[in-house]
Amino acid sequence: MASEDAVRATNDDASQCKRFAVEKGYWEDPYISLLTSRPQAKHAPEINRGYYARVHGLRVLLEHFLKLTECRCQIVNLGAGFDTTFWVLKDRGLAPKSFIEVDFPILTAQKCRLIKSRKALLEKIVNEAGEISVSSSELHGNNYHLVGANLQNLSDFEKKLEESGFDKTLPTVFVAECVLIYMEMKRTEELVKWISDNITTSFFLNYEQVHMADKFGQVMVDNLKARDCTLPGIKACVSLETQRERFLSRGWDGCDSLEMTHVYNFLPQKEIQRIEKLEFLDERELLDQLFAHYCITWAWKDPTNIGLAEITF
Ligand code: SAM
């Protein structure tokens with residue numbers, strides 16, 4: 001498989017893992033089954049809990065941002081794959097002014113086709129007149145935009161943001177969920193710097209691998225490489241410091257990073273008790289290892305002090 005195909009295929013894995021966990025009762029998401037098929041194999045409880053922590057860890061920080069800005073903001077989902085956050089937020093009355101999803105055009109073309117053929121997805125993005133503008137790989141709705149671009153090509157990315165009505169003066173959160181490791185370090189650094197240079201008030205949420213240089217990290221790398229994925233961004237996944245450094249040395253005001261072990265402990269305990277009853281976990285050690293090898297990093301640039309530095313778990 002060509003490397004770009006292999007990277008795109010990681011989306012099938014992520015969306016199927018999410019669907020599996022949703023159907024096991026970990027969390028509610030009526031949309032994921034409209035975008036992805038049911039996985040053939042059963043997934044281990046450790047994987048389901050890992051996905052629970054991933055989705056909810058990111059959501060806690062995202063909702064802080066939305067509440068702080070009273071939804072007068074934009075969300076840009078980088079390497080969005082078949083993510084359903086836009087629809088879930090809309091149902092919760094937390095839709096931002098604009099939600100822009102970016103991925104490779106082949107993948108956005110698939111998502112476009114699925115959205116057009118699923119009423120429950122489509123009806124949430126049409127404008128008051130019931131219209132949307134659609135091409136083969138892009139879709140522009142009322143406050144939702146799906147565009148195809150290679151994130152490593154900054155001018156292409158910028159053009160797609162412009163076509164989506166992106167407003168550089170509106171507080172904006174950029175979300176990268178398991179994406180940057182697949183990009184050249186230099187390209188990610190350019191992207192991170194471009195955001196801090198060009199968007200007045202911005203927040204970045206990154207979920208990614210960490211401690212990849214140790215023994216368990218090496219096993220994870222070998223697993224990904226066995227699926228033909230190249231990992232040009234891996235050097236930023238060595239430690240929490242390397243994760244933070246990426247932002248702090250490129251014009252951001254501040255940055256924090258937490259291993260998923262700690263994120264999991266900060267999630268609402270009532271919910272944790274509920275999900276821990278769903279399945280018997282016989283490999284606690286494997287879950288601990290997984291949690292120790294993923295992290296959430298969040299960075300902020302807040303010149304007018306709207307309170308982004310206070311967003312935390
Ligand atoms: N963020 C989604 C989630 O967590 O459910 C999908 C994650 S999947 C592991 C990685 C996604 O990043 C894929 O959809 C892939 O196509 C996208 N991606 C990776 N490199 C990219 C690039 N250079 N430009 C655009 N999309 C990219």
Give me the net charge of Arg92's neighbourhood, meaning all other residues with Cβ under 13 Å from the Cβ of Arg92; Lys, Arg count +1, Asp, Glu -1. 0
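By its C-alpha gyration tensor, with a ≥ b ≥ c as the square roots of the eigenvalues, how is segment 21-147 shaped: rounded for a/c under 1.5, else prolate for a/b larger than b/c, else oblate? Walk me through the numbers on the way to the answer.
Working: a/c = 1.86, a/b = 1.22, b/c = 1.52.
It comes out oblate by the Cα gyration axes.
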DSSP bridge pairs, segment 3-310: antiparallel proportion in percent, nearest 5: 45 percent
Using protein chains only and a probe of 1.4 angstrom, how many square angstrom of Trp27 are accessible, to the nearest 10? 20 Å²
Asp214 versus Leu68, label points 7 Å from Cα toward the beta carbon: distance in nm? 3.0 nm
Just grab the label-to-label distance for Gln40 and Val60, each label 7 Å out from Cα along the Cβ direction, in nm (one decimal). 3.7 nm
With θ taken as phi - 60° and the coefficients 6.51, -1.76 and 1.60, list the Karplus ³J(HN,Hα) couplings across segment 201-210 in order, rounded to whole Hz; mark glycine and proline as x. 10, 9, 9, 10, 10, 10, 9, 7, 5, 8
In square angstrom, rounded to the nearest 10, how much accessible surface does Leu107 have for a 1.4 Å probe? 10 Å²
Theoretical gain in end-to-end length, Arg92 to Met185 [0.36 nm per residue, Cα-Cα removed]: 29.9 nm
Estimated 222 nm signal from helices in the chain, with DSSP H stretches of n ≥ 4 weighted -39500 (n - 2.57), rounded to 500: -13500 deg cm²/dmol
Once you list every other residue whose beta carbon is under 12 Å from the beta carbon of Leu66, what net charge do they have if Lys and Arg are +1 and Asp and Glu are -1? +4
For Lys215, go through the lysines and keep the ones whose alpha-carbon is under 20 Å away, minus same-chain ones fewer than eight residues off. Lys225, Lys235
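Test of the criteria: in segment 27-63, which GluC sites (Glu not before Pro) are in a DSSP loop and have at most 13 other Cβ atoms within 10 angstrom of their Cβ?
Glu28
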Neighbours of Cys112 by Cβ distance under 13 Å: Lys/Arg at +1, Asp/Glu at -1, summed charge +1
What is the extension gain from Lys119 to Asp288, computed as 0.36 nm multiplied by their sequence separation minus the C-alpha to C-alpha distance, in nm to one decimal? 56.8 nm
Please report the accessible area of Ser155 (heavy atoms, 1.4 Å probe, ligands and nucleic acids excluded) in Å², nearest 10. 80 Å²
Taking 0.36 nm per residue of sequence separation and subtracting the Cα-Cα distance, how much length would be gained by fully extending the chain between Asn142 and Ala309, in nm to one decimal? 57.1 nm
Give the residue list of trypsin sites (Lys or Arg not before Pro) in segment 265-313 that are DSSP loop and have at most 13 other beta-carbon atoms within 10 angstrom. Lys277
Quick shape summary for the chain, equivalent ellipsoid via Cα gyration tensor, semi-axes whole Å in descending order, reads 27, 24, 21
Just in segment 1-56: which trypsin sites (Lys or Arg not before Pro) are loop by DSSP and have at most 12 other Cβ atoms within 10 Å? Lys42
What distance in nm separates the two pseudo spin-label positions at His262 and Val126, each 7 Å out from Cα along the beta-carbon direction? 4.8 nm
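The values are calculated or read from the model by the stated rules, or taken from the named source; none is laboratory data. These numbers come from a predicted model, not from an experiment. Reconstructed Cβ throughout: ideal geometry from the backbone, glycine too, with neighbour counts over all protein chains shown. Accessible surface is based on the protein model in full, side chains and every heavy atom, while ligands, DNA and RNA are left aside. Shrake-Rupley method; radii C 1.70, N 1.55, O 1.52, S 1.80 Å.
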